[in-house]
Each structure stands twice: as structure tokens, then as C-alpha cells.
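So the structure is just underneath, and the comments pick up after that.
The values are calculated or read from the model by the stated rules, or taken from the named source; none is laboratory data. Just so it is clear, the model here is predicted, and its values are computed rather than measured. Cβ atoms come from the backbone with ideal geometry, glycine included; neighbour counts cover every protein chain shown.
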There are 2 protein chains.
Amino acid sequence: MHDMKCSEHPADRMCETIDRIGVPLCVGIDPVFDRLPMELQSQSPTEAFKIFCIGIIDAVKSHVVSVKFQSACFEREGAHGVALLGRLREYAHEHGLQVILDAKRGDIGISASHYAAAVTADGPCDWVTVNPYLGADGIEPFLDAGLGVFCLVRTSNPSGDCIQQQVLCDGRTVAESIADILHGLGEKYIGESGWSALGAVVGATKPDEALVLRERMPHGMFLMPGIGAQGATPEMVSKCFADGHGALATASRSVIYPQGTNDWQENISLAAKQLASELEINGVV
Amino acid sequence: MHDMKCSEHPADRMCETIDRIGVPLCVGIDPVFDRLPMELQSQSPTEAFKIFCIGIIDAVKSHVVSVKFQSACFEREGAHGVALLGRLREYAHEHGLQVILDAKRGDIGISASHYAAAVTADGPCDWVTVNPYLGADGIEPFLDAGLGVFCLVRTSNPSGDCIQQQVLCDGRTVAESIADILHGLGEKYIGESGWSALGAVVGATKPDEALVLRERMPHGMFLMPGIGAQGATPEMVSKCFADGHGALATASRSVIYPQGTNDWQENISLAAKQLASELEINGVV
């Protein structure tokens with residue numbers, strides 16, 4: 001059980017945790033049954049997921065700031081998976097990790113308020129990923145519920161380009177225009193750390209675009225998935241870390257399904273530790 | 001129990017149901033505890049939601065083609081709410097209604113496949129709402145799982161404008177560009193009815209924009225929320241119904257929380273019947 005006092009503001013709490021751990025690293029927890037260690041595949045999916053995810057949290061908790069749960073992996077198991085996800089968020093929280101729920105919700109007005117309530121219905125949550133297509137109506141209810149929000153700006157998948165990289169008549173890309181909207185919205189949610197509770201999801205695989213977006217959102221923390229399996233390196237994201245606090249380098253598959261000759265939990269621990277040291281070498285802190 | 005034979009293709013099945021009922025009307029089920037009939041508010045939220053939603057389905061099933069469940073309303077009750085939502089989808093399906101899950105999911109690749117599995121994990125689903133910001137990667141896994149998809153194109157909330165109505169350098173709005181992408185993607189999912197399994201969510205409150213989008217997506221069914229409480233009328237949407245099949249007029253609050261002097265279920269039945277007759281008068285069929 002982790003018992004340090006925590007700030008009320010999501011970005012301040014994230015910065016405090018980064019300072020305590022020393023490296024702004026996040027591990028994505030995306031359990032897929034066929035990829036679990038063989039010894040777990042004799043269990044039911046939810047039981048296997050429980051053992052696997054608790055094993056990951058125990059293995060990485062000394063090396064990382066945060067875990068990001070991919071909601072879809074749990075939702076596909078139905079209500080049992082949703083209940084398990086709540087218990088796992090509780091477990092991660094008790095062990096001092098900042099909990100990110102990667103749910104990419106996006107709805108308007110009262111429905112966004114319902115989603116903001118939903119993300120803490122079964123267990124705690126510090127930050128949630130949100131889709132920007134509905135504008136401020138779809139984002140503010142999460143912030144007003146006290147959550148931190150990483151709003152999708154630039155994703156790493158190939159087909160994201162055909163929407164996010166379209167050029168507006170004023171010369172900006174759609175992604176840049178969304179970064180500008182978020183910058184404006186996020187101003188009233190800036191904490192004592194100087195960082196806002198409204199941040200952005202920016203794929204780590206596009207470092208040049210990330211730097212442009214970094215300038216447009218000087219107070220917005222970046223959640224940067226794609227380190228490892230998707231091909232991004234700690235060096236590629238290093239320029240997005242203003243004073244070591246401005247971004248979370250996020251790796252999923254390369255940490256939770258690592259190569260290695262030890263038992264699965266030790267392989268995961270070593271992969272997280274290795275990535276943390278690569279971030280240190282690249283001067284992000 | 002409804003036992004008519006149904007087509008395998010989601011759009012064909014929707015058209016068959018429209019032909020059987022006679023009017024392309026959908027009722028949105030958005031249960032909010034404080035707005036439930038007083039007699040239900042002494043129950044727990046999930047018990048009250050169950051009675052209320054079954055009451056709605058029984059009241060409207062002769063007048064409407066489809067029910068659209070707002071996932072957020074159930075998710076805010078946590079895993080119990082998610083389980084209930086699955087049972088209610090089953091109930092609606094058994095009574096011959098096309099089931100739309102208004103979940104507005106949007107994620108990429110394998111995560112989108114997980115979400116496609118999730119929407120039928122606890123009960124059946126015919127169509128699901130999906131967010132376009134991630135491009136085709138976030139849409140096709142739902143179609144490939146056999147689901148119909150209503151992809152967000154133009155929403156009725158005020159803050160949607162600042163993203164969806166931005167003008168690209170080629171003169172199209174962002175919403176129009178997404179309609180064009182969906183038109184291309186949807187071609188390979190056209191059924192015998194001539195309609196695609198890939199449709200669009202287009203707010204009923206913006207009839208002029210809806211008509212422009214209608215031309216850009218000639219094979220895409222439109223889910224058109226906003227009739228009633230949000231101010232749209234059957235007359236406003238009537239031009240989007242090509243041969244009576246091309247769109248679903250969707251009303252939520254005005255039908256499920258109606259004014260009236262009868263018991264709540266009878267008020268709901270009357271509101272649905274009234275709306276169906278207004279659609280007929282406006283010549284959508």
C-alpha cells in the first residue's frame with residue numbers, strides 16, 4: 001500500500017510521481033489471451049487477465065510512473081471484464097501508480113458526464129483518454145469531474161493521416177487545429193506544476209510532428225504511445241519532455257510481452273527497467 | 001418473441017424492419033435516474049433502469065424500427081450497468097427491434113477489434129456508433145465483425161462546429177471530407193437493399209448540411225438524432241429519406257420522458273405513435 005500524500009490536481013500528481021520515480025515512463029496494459037504466458041492460458045480469460053495484470057503491476061511499479069489500461073481488452077470480456085478492470089485500477093492505485101484509462105470516449109453534454117462518472121464507477125482513475133471530434137462539450141465534463149484528460153491529437157496508425165493531416169484553408173493541419181483548441185481549453189485547468197489537466201495523445205512514432213504540437217500546447221502533457229513494438233525509440237521522444245515532466249513515454253507490447261529467458265514476470269521487470277534507463281540516457285530527466 | 005427470418009446484412013435487415021413497421025423511427029434509450037418516473041426512484045438505479053427500459057421497449061415496439069441504447073447511461077453504473085445493458089439488448093432483439101448501441105467507440109487495429117467483440121459480449125447488437133478520428137483502422141474491424149456502423153459525421157452540439165465545420169484547403173468542411181472517406185470505405189459493404197453497412201450519424205437539427213452529406217453518401221444510412229427535445233422536426237429530416245430507407249429519425253427525451261396524464265408507459269407509447277404519424281404525414285415512407 002502506497003501512502004504518500006498526493007496533490008488534488010491530476011497534472012501536479014503526475015509531476016510528483018515522475019519526481020519520485022525519476023523517469024516519465026508509462027506501461028500500457030493490453031492483455032490479449034493468445035499472447036499471455038502459456039502457463040496462464042489454462043485459466044478462464046478473466047482469471048488469466050487478473051493474474052497477468054497483477055503480475056505486470058508488481059513487476060513494473062518501481063520503474064514506472066503510470067499504467068495505461070486499454071479498456072477494449074477488458075470490455076471484450078463483457079461485464080466481468082469491466083468489473084475486473086475496476087479492481088485492477090484499484091490495485092495499481094494502491095501501489096502508487098498513476099492510473100490512465102485508455103477508453104477514448106467521446107460524447108456530448110450529459111452523455112460525456114455519464115462517461116466521466118463511468119470511468120471511476122468500479123475503481124479509481126487519474127487520467128482518461130478522450131476523442132476530440134465533438135469539441136469542448138465532449139471534453140470539459142471529464143475535467144470538471146476532476147480527471148486528467150489526454151485528448152487524441154495525432155495517432156500513429158496509417159489511416160489516421162487521412163483525417164488528422166488534412167490541411168485547412170488557414171494552413172494548419174486538422175491535428176494542429178485541435179492542439180490549438182485544446183491549448184485554449186486547457187488554460188483554466190493549469191495546476192501549480194505549470195501543467196494543465198488537459199493533455200494530448202501524440203504518437204511517439206512521429207517526432208517531427210510531435211515537436212510542432214509541443215509548441216502549440218506548451219502546458220499540455222503528452223501521452224506518447226508507440227515506444228518499442230511500434231518502432232519509436234526513447235531518443236525520438238526526448239525533445240517533447242520539457243523539464244522531464246511534459247510527456248509520458250509509453251510502451252505496451254515491448255514491455256508486457258518481452259523476449260527473455262527468465263520467468264515472465266522477471267522478463268517484464270527487466271524490460272521496464274531497460275526502457276527507464278534508456279530514457280535516462282537520452283536526457284529526458 | 002419475434003421469429004421472422006432476418007437478412008444477414010445489417011442494412012438489409014434494417015430495411016426489412018422499416019418495411020414491416022412502416023416508418024423509419026428509432027427511439028433513443030438514455031435512462032437518467034433523476035428523470036425516471038417517481039414510482040421507480042425508490043429502487044436501486046440498475047433495478048429502476050431495468051423496469052424503465054423494459055417498459056419503454058414494450059411501449060414502443062409496435063411503432064418503431066429500432067432502439068438506440070446510450071451506453072454511457074449504463075456504464076456510469078459500472079459493471080452491473082454493463083451487464084444490464086446486455087440483457088436489455090437481448091430483450092429488444094427478441095421483440096423484433098434493430099438494436100443500436102450508441103457507444104461512439106474509436107480505437108485502432110486490434111483495439112478496434114476488441115471493441116467490436118465487446119459490443120456483443122453481453123447481448124446482441126445490430127449497429128454501433130463509431131468515431132471517425134482514427135480513420136479506416138478504427139471503423140473496418142466493426143464492419144468485418146458483421147456489425148452495421150453509424151460513424152459520426154456531423155453532430156448537433158454547438159462545440160462540434162469548431163472541428164467539424166472547419167474548411168479544408170480544397171473547400172470541403174472536415175465533416176464533408178469524412179463523409180467522402182466513408183462513402184469510399186462503405187462501397188464494399190453494400191447489401192442487396194442498395195444500402196451499405198457503413199452509415200453516418202448526422203444531427204437532425206442541421207437539415208441543410210444533412211442534405212449536402214446525403215449527396216456525398218448516397219449508399220449510407222443516416223442515424224439522425226435530435227428529433228423533439230433538441231428542436232428538430234420530422235419535416236426537417238424528411239428530405240434525407242431516399243425511398244423511406246435511407247435514414248432513421250431518432251428521438252430520445254421527447255419520447256421516453258413525455259408530458260402526459262396517463263401512466264408513464266402509456267405516455268411513452270402515445271409519444272412514439274404520435275411521432276410515427278408525423279413522419280408518415282411528412283412523406284418519408
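Scan the stretch B:65-82 and give yes if some residue there is outside any strand (DSSP E or B), more than 9 Å from every other protein chain (Cβ to nearest Cβ) and of a type outside the set (D, E, K, R), otherwise no.
Our first condition is that a residue be outside any strand (DSSP E or B); within the stretch B:65-82, this holds for B:65, B:71-82.
Narrowing the set further to residues that are more than 9 Å from every other protein chain (Cβ to nearest Cβ) leaves B:65.
Still in the list and also of a type outside the set (D, E, K, R): B:65.
Yes, some residue in the stretch B:65-82 is outside any strand (DSSP E or B), more than 9 Å from every other protein chain (Cβ to nearest Cβ) and of a type outside the set (D, E, K, R).
B:Ala116 - would you say it is facing chain A (nearest Cβ under 9 Å) and in contact (Cβ under 8 Å) with a residue 24 or more places away in the chain?
Working: facing chain A (nearest Cβ under 9 Å): yes; in contact (Cβ under 8 Å) with a residue 24 or more places away in the chain: yes.
So B:Ala116 passes the test.
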Here the qualifying pairs (Cβ atoms under 8 Å; residues six or more apart or on different chains; first in the stretch B:132-145 and more than 7 Å from chain A (Cβ to nearest Cβ) and farther than 18 Å from A:Ala175 by Cβ; second in a helix (DSSP H, G or I) and aromatic (Phe, Trp, Tyr)) come out as B:Pro141/B:Tyr115; B:Phe142/B:Tyr115; B:Leu143/B:Tyr189
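So which residues in the stretch A:94-138 are assigned to a helix (DSSP H, G or I), small (Gly, Ala, Ser) and closer than 26 Å to B:Pro45 by Cα, if there are any at all?
Step one: list which residues in the stretch A:94-138 are assigned to a helix (DSSP H, G or I), which gives A:94, A:109-118, A:136-138.
Next cut, small (Gly, Ala, Ser) only: A:109, A:111-113, A:116-118, A:136, A:138.
If the condition is that a residue be assigned to a helix (DSSP H, G or I), small (Gly, Ala, Ser) and closer than 26 Å to B:Pro45 by Cα, then A:Gly109, A:Ser111, A:Ala112, A:Ser113, A:Ala116, A:Ala117, A:Ala118, A:Gly138 are the ones that fit.
Of the residues B:Ser66, B:Ser62, B:Ser71, only one is among the hydroxyl-bearing types (Ser, Thr, Tyr) and surrounded by fewer than 24 Cβ atoms within 10 Å (Cβ to Cβ); which? Let's see the steps before the verdict.
Working: B:Ser66 fails: surrounded by fewer than 24 Cβ atoms within 10 Å (Cβ to Cβ); B:Ser71 fails: surrounded by fewer than 24 Cβ atoms within 10 Å (Cβ to Cβ).
None of the other options fit; the residue is B:Ser62.
Residue by residue, here is whether (1) under 16 Å from the mean Cα position of the chain (by Cα); (2) under 24 Å from A:Ala72 (Cα atoms) holds:
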{"position": "B:Ala121", "(1), (2)": "no, yes"}
{"position": "B:Leu134", "(1), (2)": "no, yes"}
{"position": "B:Ile139", "(1), (2)": "no, yes"}
{"position": "B:Glu192", "(1), (2)": "no, no"}
{"position": "B:Thr205", "(1), (2)": "yes, no"}
{"position": "B:Pro218", "(1), (2)": "no, no"}
What residue, of A:Asp126, A:Asp122, is under 23 Å from A:His245 (Cβ atoms) and charged (D, E, K, R)?
-> A:Asp126
If the Cβ limit is 6 Å and pairs must be 6+ apart or interchain, which residue in the stretch A:37-61 that is more than 24 Å from A:Leu97 (Cα to Cα) and among the hydrophobic types (A, V, I, L, M, F, W, C) pairs with which residue that is surrounded by fewer than 21 Cβ atoms within 10 Å (Cβ to Cβ) and at pLDDT 95 or above?
-> A:Leu40/A:Ala48; A:Leu40/A:Ile51
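When you go through A:Glu39, A:Glu47, A:Glu8 one by one, which is the residue that is loosely packed, with under 15 Cβ neighbours inside 10 Å and either in a loop (DSSP other than H, G, I, E, B) or aliphatic (A, V, I, L, M) (or both)?
Values: A:Glu39 fails: either in a loop (DSSP other than H, G, I, E, B) or aliphatic (A, V, I, L, M) (or both); A:Glu47 fails: either in a loop (DSSP other than H, G, I, E, B) or aliphatic (A, V, I, L, M) (or both).
Unique residue meeting the criteria: A:Glu8.
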Output for the stretch A:78-111, where each listed residue is charged (D, E, K, R) and farther than 26 Å from B:Leu152 by Cβ = A:Arg87, A:Arg89, A:Glu90, A:Glu94
So is A:Phe74 touching a helix residue (DSSP H, G or I) at 6+ places or on another chain (Cβ under 7 Å) and within 16 Å of A:Thr250 (Cβ to Cβ) or not?
-> no
Considering every residue within the stretch B:165-179, establish whether at least one is at the interface with chain A (Cβ under 10 Å from one of its Cβ atoms), in contact (Cβ under 8 Å) with a residue 12 or more places away in the chain and touching a Gly at 6+ places or on another chain (Cβ under 8 Å).
-> no
In the stretch A:150-169, anything more than 15 Å from B:Gly106 (Cβ to Cβ) and either touching a Ser or Thr at 6+ places or on another chain (Cβ under 8 Å) or surrounded by 21 or more Cβ atoms within 10 Å (Cβ to Cβ) (or both) is listed as A:Gln165, A:Gln166, A:Val167, A:Leu168
Taking the stretch B:139-171 and keeping only residues that are closer than 15 Å to A:Tyr133 by Cα and small (Gly, Ala, Ser), one is left with B:Ser156, B:Ser159, B:Gly160
Looking at (1) on the phi > 0 side of the Ramachandran plot; (2) crowded, with 24+ Cβ neighbours inside 10 Å, which is the only condition B:Gly81 fails?
-> (1)
Unmet requirement for A:Asp34, which otherwise passes all of (1) closer than 17 Å to A:Arg253 by Cβ; (2) touching a Cys at 6+ places or on another chain (Cβ under 7 Å); (3) not hydrophobic (A, V, I, L, M, F, W, C) | (2)
Residues being surrounded by fewer than 21 Cβ atoms within 10 Å (Cβ to Cβ), hydrophobic (A, V, I, L, M, F, W, C) and under 24 Å from A:Ile139 (Cα atoms) - total across the stretch A:200-239 = 2
Can you name the residue in the stretch A:199-222 that is aliphatic (A, V, I, L, M) and within 14 Å of chain B (Cβ to nearest Cβ) and, of all such residues, is farthest from A:Tyr257 (Cα to Cα)?
-> A:Ala200
Can you name the residue in the stretch A:14-36 that is assigned to a loop (DSSP other than H, G, I, E, B) and more than 14 Å from chain B (Cβ to nearest Cβ) and, of all such residues, is surrounded by the fewest Cβ atoms within 10 Å (Cβ to Cβ)?
-> A:Gly22
Report, ordered by the first and then the second residue, all pairs with beta carbons closer than 6 Å, sequence separation of six or more or different chains, a first member in the stretch A:206-224 that is over 21 Å from A:Leu275 (Cβ atoms), and a second member that is of a type in the set (S, T, N, Q).
-> A:His219/A:Ser196; A:Gly220/A:Ser196
Single residue of A:Leu152, A:Leu101, A:Leu97 found to be within 18 Å of A:Asp30 (Cβ to Cβ), in contact with a strand residue (DSSP E or B) (Cβ under 6 Å, 6 or more places away or on another chain) and facing chain B (nearest Cβ under 7 Å) = A:Leu152
